[in-house]
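A.B. asks: For reference, the structure I am asking about is given below.
The values are calculated or read from the model by the stated rules, or taken from the named source; none is laboratory data. Because the structure is predicted, anything quoted here is derived from the model rather than measured. Note that we place each Cβ from the backbone using ideal geometry, even for glycine, and neighbour counts take in every protein chain shown.
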Amino acid sequence: MTTLAQQLEKADRLATVTQGVGFALWQLQELEGVAAQHFVLLVQAKKGMGLAEGNALVEKAQTKTFGATLHQIAKAGLISPEMEKRFTKLLAERNWLVHRSRAESRNVIHNDSAMAALVGRLDAMAVEALALLKYIDAETGSFVRKHGVSMHYVEQVSKQLLEQWYAADAL
């Protein structure tokens, strides 16, 4: 018979695991979206195409799988073989998380070492996703500077966009 203390311990473990899963997925989804935007900016965007056409390209790119986006980025020569390996490894981890992690991690609620291993793996995914986001950010910044866009302008537009998003949430 399970005691109340044991049930609470299992509930705490489950909360820890689901929080880790949620945060890792959040970071991975952010990376997927930013990678798609990066691809559009560097490969598909054309001078003078306008906001509507650019947004349509980004929306279309974001419907592709993360693997397809990474393939396009690599095929376009936008990343080094070393960075491609990092992205590919994270893609494999993402696919494991989405498709097999629950079945392979059922014992985390009952086993300290299994839980620690899963939480460590989830944390590593989130950390690598953030590192790759920073890499894409740096590459994008370099690209826009090479094309005569000042970082001050980018910051200004970003601020306006954030304000518009927050104002939309308030309605």
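A.B. asks: Does H152 satisfy the condition of being under 19 Å from the mean Cα position of the chain (by Cα) and of a type outside the set (D, E)?
C.D. replies: Criteria not met by H152.
A.B. asks: Additional query: Kindly evaluate L31 against the criterion of being hydrophobic (A, V, I, L, M, F, W, C), in a helix (DSSP H, G or I) and at pLDDT 95 or above.
C.D. replies: Against the criterion (hydrophobic (A, V, I, L, M, F, W, C), in a helix (DSSP H, G or I) and at pLDDT 95 or above), L31 qualifies.
A.B. asks: Now, a different point. Please specify each residue of the stretch 83-120 satisfying the condition of being under 13 Å from T16 (Cβ atoms), surrounded by 15 or more Cβ atoms within 10 Å (Cβ to Cβ) and among the small types (G, A, S).
C.D. replies: If the condition is that a residue be under 13 Å from T16 (Cβ atoms), surrounded by 15 or more Cβ atoms within 10 Å (Cβ to Cβ) and among the small types (G, A, S), then S105, A114 are the ones that fit.
A.B. asks: What are the pairs with Cβ atoms under 6 angstrom where one residue, in the stretch 124-146, is over 16 Å from S80 (Cβ atoms) and the other, located anywhere, is among the aromatic types (F, W, Y) and surrounded by 13 or more Cβ atoms within 10 Å (Cβ to Cβ)? Sequence gap at least six, or different chains.
C.D. replies: A126/F23
A.B. asks: Kindly provide the set of residues from the stretch 42-57 that are among the hydrophobic types (A, V, I, L, M, F, W, C), farther than 14 Å from I79 by Cβ and in a helix (DSSP H, G or I), ordered by number.
C.D. replies: The first filter runs over the stretch 42-57 and keeps only residues among the hydrophobic types (A, V, I, L, M, F, W, C), leaving 42-43, 45, 49, 51-52, 56-57.
This time we only want the ones that are farther than 14 Å from I79 by Cβ, so: 45, 49, 51-52, 56-57.
L51, A52, A56, L57 - these are the residues of the stretch 42-57 that are among the hydrophobic types (A, V, I, L, M, F, W, C), farther than 14 Å from I79 by Cβ and in a helix (DSSP H, G or I).
A.B. asks: Another question, then. Evaluate the stretch 144-162: report whether one residue or more is surrounded by 14 or more Cβ atoms within 10 Å (Cβ to Cβ) and farther than 30 Å from Q7 by Cα.
C.D. replies: yes
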